[in-house]
Amino acid sequence: MPSTAHNATSDTDGWTIQRILEWTTGFLKQKGIESPRVEAELLLAHARKCPRIRLYTDFNSILPETERAAMRELVQRRAKREPLAYIIGSREFYGRSFEVGPAVLIPRPETETLVDVCLELLPQSVPVQLIEVGVGSGCVSISLALQRHNASLAASDISDAALEIAGRNAQKHSVADRIRFASGSALQPFLAEPQRWDAIVSNPPYIRDDEKDSLAPEIRDHEPAHALFAGADGLAVVRLILEHAATLLKPGGFIALELDPAQCPVVSQLLLDSGFSDAKIHPDLAGLSRVVSARFHHSA
């Protein structure tokens, strides 16, 4: 499916779904895209506004010019390394679809470990209240609310645009009545409140500033910097959270943080130094250290 108008329209009768997928797969592969066939299918399904499986039931169908034009535009954007999730406007997380855009970090599979750890540590039979720092798209808070119907949450972010997306996702998944969104840095929005919480959860920015140039262009050039980078050691936001975490937790409450594998032992020690106990490091599905949790037991 060449991008020039002449070539793209000179053999209209030949551009079946099969041929477009084959051409797009080869083109994306040349551009360095890791999963070109999968992405070609997702882009074409988005251009056609149809389920992905429909591509195979219509494999020999010829696309009308309107759909081919839409596909050309999407492929050109992906060739410039714009993230697929931003192009199609959504990403799957914990078995559900979430709206995403350039204002929010794209949900990653490893972050599902953060949800798993929280579900494991939370009591099941009583109502629980949680804080999420850096809510982004809302995928973590919303997944927790959907898995624990007795949970209510408050979620902060420094980006009002991110909070708008999170709010729409909460409405979409019918949990908006159990998640309160607050604009502000780390735990600041909650410090003046008398309430104490069962858990504080966060996937904070944890990439070192000097790692920026080594990142894939999809991340470096498109995802929000405030959700990625956190100072010389990548722990600036973690320290902001730990500064007030203990004062906001109920006795026996816990904190759970997603981190880079190399940071997990460091943060585990930071938690112990801050008065927490029962510090544990949890692996993700790839077997890499990914989440650190610890409990805070108030002194008598």
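Before we move on, is Ala262 more than 23 Å from Ser185 (Cβ to Cβ) and either in contact with a Lys or Arg (Cβ under 6 Å, 6 or more places away or on another chain) or assigned by TED's automatic domain parsing to the domain that holds Ala155 (or both)? Considered against the rule, which asks whether it is more than 23 Å from Ser185 (Cβ to Cβ) and either in contact with a Lys or Arg (Cβ under 6 Å, 6 or more places away or on another chain) or assigned by TED's automatic domain parsing to the domain that holds Ala155 (or both), Ala262 comes out as yes.
Residues in segment 142-153 that are over 15 Å from the mean Cα position of the chain (by Cα) and buried (at least 21 other Cβ atoms within 10 Å of the Cβ): Ala145, Ala151, Leu153. Taken together, the criteria exclude Glu112 from residues that are buried (at least 21 other Cβ atoms within 10 Å of the Cβ) and charged (D, E, K, R). Restrict the check to segment 186-208 and report whether at least one residue is within 24 Å of Ala286 (Cα to Cα) and among the basic types (Lys, Arg). Yes, the conditions are met somewhere in segment 186-208.
Residues checked against (1) at pLDDT below 95; (2) over 19 Å from the mean Cα position of the chain (by Cα); (3) among the charged types (D, E, K, R):
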residue: Arg220; (1), (2), (3): no, no, yes
residue: Phe229; (1), (2), (3): no, no, no
residue: Val237; (1), (2), (3): no, no, no
residue: Leu240; (1), (2), (3): no, yes, no
residue: Lys250; (1), (2), (3): no, yes, yes
residue: Ala256; (1), (2), (3): no, no, no
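When residues in segment 258-288 are screened for being under 23 Å from Pro123 (Cα atoms) and modelled with pLDDT under 95, 1 of them pass.
For segment 191-250, a residue qualifies if it is in a loop (DSSP other than H, G, I, E, B) and either outside the structural domain of Ile158 (by TED's automatic domain parsing) or under 19 Å from Leu270 (Cβ atoms) (or both), and the qualifying residues are Asn203, Pro204, Pro205, Tyr206, Arg208, Ala230, Gly231, Ala232, Asp233, Gly234, Leu235. The residues on offer are Asp177, Asp160, and the sole one that is more than 18 Å from the chain's Cα centre (by Cα) and surrounded by fewer than 16 Cβ atoms within 10 Å (Cβ to Cβ) is Asp177. Against the condition farther than 20 Å from Gly134 by Cα, modelled with pLDDT of 95 or more and either surrounded by fewer than 22 Cβ atoms within 10 Å (Cβ to Cβ) or touching a Phe, Trp or Tyr at 6+ places or on another chain (Cβ under 7 Å) (or both), how does Arg77 come out, does it pass? Considered against the rule, which asks whether it is farther than 20 Å from Gly134 by Cα, modelled with pLDDT of 95 or more and either surrounded by fewer than 22 Cβ atoms within 10 Å (Cβ to Cβ) or touching a Phe, Trp or Tyr at 6+ places or on another chain (Cβ under 7 Å) (or both), Arg77 comes out as yes. Listed by first and then second residue, the pairs with beta-carbon distance under 8 Å, at least 6 apart or on different chains, first residue in segment 145-156 and modelled with pLDDT of 95 or more, second among the acidic types (Asp, Glu) and buried (at least 22 other Cβ atoms within 10 Å of the Cβ), are Leu153/Glu132; Ala154/Glu132; Ala155/Glu132; Ser156/Glu132.
Residues are listed down the side, and each one gets a yes or a no for (1) aromatic (Phe, Trp, Tyr); (2) in a helix (DSSP H, G or I); (3) within 24 Å of the chain's Cα centre (by Cα):
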position: Arg19; (1), (2), (3): no, yes, no
position: Glu22; (1), (2), (3): no, yes, no
position: Lys29; (1), (2), (3): no, yes, no
position: Gly32; (1), (2), (3): no, no, yes
position: Val38; (1), (2), (3): no, yes, yes
position: Arg68; (1), (2), (3): no, yes, no
position: Arg72; (1), (2), (3): no, yes, no
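Set side by side, the residues Ser137, Ser125, Ser97 differ, and just one is in contact with a strand residue (DSSP E or B) (Cβ under 9 Å, 6 or more places away or on another chain), in a loop (DSSP other than H, G, I, E, B) and not aromatic (Phe, Trp, Tyr), which is Ser137.
Being surrounded by 15 or more Cβ atoms within 10 Å (Cβ to Cβ), in contact with a helix residue (DSSP H, G or I) (Cβ under 6 Å, 6 or more places away or on another chain), on the phi > 0 side of the Ramachandran plot and at pLDDT 95 or above is a property that Arg37 lacks.
Just so you know, in segment 54-74 the residues that are out of contact with any helix residue (DSSP H, G or I) (no Cβ under 7 Å at 6 or more places or on another chain) and either surrounded by 20 or more Cβ atoms within 10 Å (Cβ to Cβ) or among the β-branched types (Val, Ile, Thr) (or both) include one that is modelled with the lowest pLDDT, and it is Thr57.
The values are calculated or read from the model by the stated rules, or taken from the named source; none is laboratory data. All values derive from a computational prediction rather than experimental measurement. Ideal geometry is used to build each Cβ from the backbone, glycine not excepted, and the neighbour counts take in all protein chains shown.
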